[in-house]
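Trainee: Following this message is one structure expressed as structure tokens.
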Amino acid sequence: MPHSLFISDLHLCPTRPAINALFMRFVQDIAPQAEALYILGDFFEYWAGDDDLADPFHLTITNALAGLAKQGTRVYIMHGNRDFLLSDAFMRAAQATLLPDPFLLDLYGTPTLLMHGDTLCTDDVAYQQFRIMVRSAEWQRNFLTQPLNQRKAQIDELRKRSAQEKSNKSAEIMDVNADAVASILRAQGYPRLIHGHTHRPARHVHTVDGKDCVRWVLADWYATGSYLRCDTTGCVAHAMEKTPKPKHY
Ligand code: LP5
Ligand code: MN
């Protein structure tokens, strides 16, 4: 049956080989049967700029996506808060299409709104201020004029600061704000919503102005891989079995 797959928050990086192996298995065994694969942000642990495409790990991942596209699965990517610097050169190499956030899609007859999810966390004021700064074209132009190694050093600093600040933020502050969810569902005509970012996989139902809207929150790829599969009958969340460790005799 024609279907589409949705994933997010893989946080791919060379230091997490088990997750990388799961992703390669997903690309080889699961994704080719889908008409389309939607990657809703934070595909990479971080992205310092498209001039890092030649890195061997990045080449493996972009080639895997391009291979999928060659087999007929359309690949769509939305920026996350960690990889919003993914740009044209990456999209060309991966044969992927960049989607704006939010993006409204007719998914087998059901209007479906796709988001990364960070913009819904409006109680996290420090993060929202930071986001406004780094999403400005001028800030990005300046940042990208620095050499790659300097950019990576700054990202390392930022990651430390973010981890430290997160340890002082409550779980509620880092979750979506119910009013922000209701407001975008209202503005977009009460669609189904699919997003990631919060790492709290669930199926919620929001009743907005008397209309029921389903909100799917995608799982991260920390313990194992997972994906949402949608077709004309609806959506189902799947967790992948972990790649067995090789046995040594
Ligand atoms: O990603 P996650 O879920 O762990 O945390 C996010 C928010 N944190 C971030 C930062 C990223 O995790 C780090 C990697 C980003 C790489 C981007 C590359 C280009 C930018 C480079 C800039 C130098 O997004 C976290 C949220 C959390 O989600 C939940 O929603 O709380 O937000 C923060 O922790 C941000 C702080 O609250 C505010 C930070 C202010 C930093 C000010 C500038 C520092 C510049 C440092 C460079 C020397
Ligand atoms: Mn995120």
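Trainee: Those residues that are surrounded by 13 or more Cβ atoms within 10 Å (Cβ to Cβ) and among the acidic types (Asp, Glu), I need them from segment 88-103; list them, please.
Mentor: Asp101
Trainee: On to the next question. Do you know which residues across segment 41-87 are without any contact (Cβ under 8 Å) to a residue 40 or more places away in the chain, open to solvent by 50 Å² or more (accessible area, probe 1.4 Å), touching a helix residue (DSSP H, G or I) at 6+ places or on another chain (Cβ under 7 Å) and assigned to a helix (DSSP H, G or I)?
Mentor: If the condition is that a residue be without any contact (Cβ under 8 Å) to a residue 40 or more places away in the chain, open to solvent by 50 Å² or more (accessible area, probe 1.4 Å), touching a helix residue (DSSP H, G or I) at 6+ places or on another chain (Cβ under 7 Å) and assigned to a helix (DSSP H, G or I), then no residue fits.
Trainee: Could you grab me the full set of residues in segment 168-188 that are free of Cβ contacts under 8 Å to residues at least 24 places away in the same chain and within 16 Å of ligand 1 (Cβ to nearest atom)?
Mentor: Result: Asn168, Ser170, Ala171.
Trainee: Ok, one more. Do the conditions hold for Asn149, that is, is it more than 11 Å from ligand 1 (Cβ to nearest atom), part of a helix (DSSP H, G or I), open to solvent by 60 Å² or more (accessible area, probe 1.4 Å) and of a type outside the set (A, V, I, L, M)?
Mentor: yes
Trainee: Further question: Does Thr73 satisfy being more than 10 Å from ligand 1 (Cβ to nearest atom) and in contact with a Lys or Arg (Cβ under 7 Å, 6 or more places away or on another chain)?
Mentor: It is false that Thr73 is more than 10 Å from ligand 1 (Cβ to nearest atom) and in contact with a Lys or Arg (Cβ under 7 Å, 6 or more places away or on another chain).
Trainee: If you don't mind, another one. Determine if segment 191-214 includes at least one residue that is open to solvent by 70 Å² or more (accessible area, probe 1.4 Å), within 21 Å of Phe44 (Cα to Cα) and out of contact with any helix residue (DSSP H, G or I) (no Cβ under 9 Å at 6 or more places or on another chain).
Mentor: Checking segment 191-214: at least one residue is open to solvent by 70 Å² or more (accessible area, probe 1.4 Å), within 21 Å of Phe44 (Cα to Cα) and out of contact with any helix residue (DSSP H, G or I) (no Cβ under 9 Å at 6 or more places or on another chain).
Trainee: Yes or no: segment 113-131 includes at least one residue that is away from ligand 2 (no atom under 16 Å from the Cβ), more than 28 Å from Thr233 (Cβ to Cβ) and open to solvent by 40 Å² or more (accessible area, probe 1.4 Å).
Mentor: Among the residues of segment 113-131, at least one is away from ligand 2 (no atom under 16 Å from the Cβ), more than 28 Å from Thr233 (Cβ to Cβ) and open to solvent by 40 Å² or more (accessible area, probe 1.4 Å), which makes the answer yes.
Trainee: Still on this structure, I have one more. If Asp175 satisfies all but one of (1) in a helix (DSSP H, G or I); (2) surrounded by 11 or more Cβ atoms within 10 Å (Cβ to Cβ), what's the number of the condition it fails?
Mentor: Every listed condition holds for Asp175 apart from (1).
Trainee: Please work out if Arg92 is basic (Lys, Arg) and within 23 Å of Tyr222 (Cβ to Cβ).
Mentor: Considered against the rule, which asks whether it is basic (Lys, Arg) and within 23 Å of Tyr222 (Cβ to Cβ), Arg92 comes out as no.
Trainee: Something else about it: Assuming Leu218 fulfils every condition listed in (1) modelled with pLDDT under 95; (2) touching an Asp or Glu at 6+ places or on another chain (Cβ under 8 Å); (3) not hydroxyl-bearing (Ser, Thr, Tyr) apart from one, which condition is it?
Mentor: Checking Leu218 against (1) modelled with pLDDT under 95; (2) touching an Asp or Glu at 6+ places or on another chain (Cβ under 8 Å); (3) not hydroxyl-bearing (Ser, Thr, Tyr), the one that fails is (1).
Trainee: Would you please name the residue that is nearest to ligand 1 (Cβ to nearest atom), looking only at residues in segment 189-227 that are part of a strand (DSSP E or B) and among the aliphatic types (A, V, I, L, M)?
Mentor: Top of the filtered list is Val217.
Trainee: Of everything in segment 178-214 that's more than 16 Å from ligand 2 (Cβ to nearest atom) and among the basic types (Lys, Arg), which residue is farthest from the chain's Cα centre (by Cα)?
Mentor: Among residues in segment 178-214 that are more than 16 Å from ligand 2 (Cβ to nearest atom) and among the basic types (Lys, Arg), the one farthest from the chain's Cα centre (by Cα) is Lys211.
The values are calculated or read from the model by the stated rules, or taken from the named source; none is laboratory data. Not measured: the values here are computed from a predicted model. Because the Cβ atoms are built from the backbone with ideal geometry, glycine has one as well, and the counts that use them run over all protein chains shown. Surface accessibility is based on the protein's heavy atoms, side chains included, excluding ligands, DNA and RNA. Shrake-Rupley method; radii C 1.70, N 1.55, O 1.52, S 1.80 Å.
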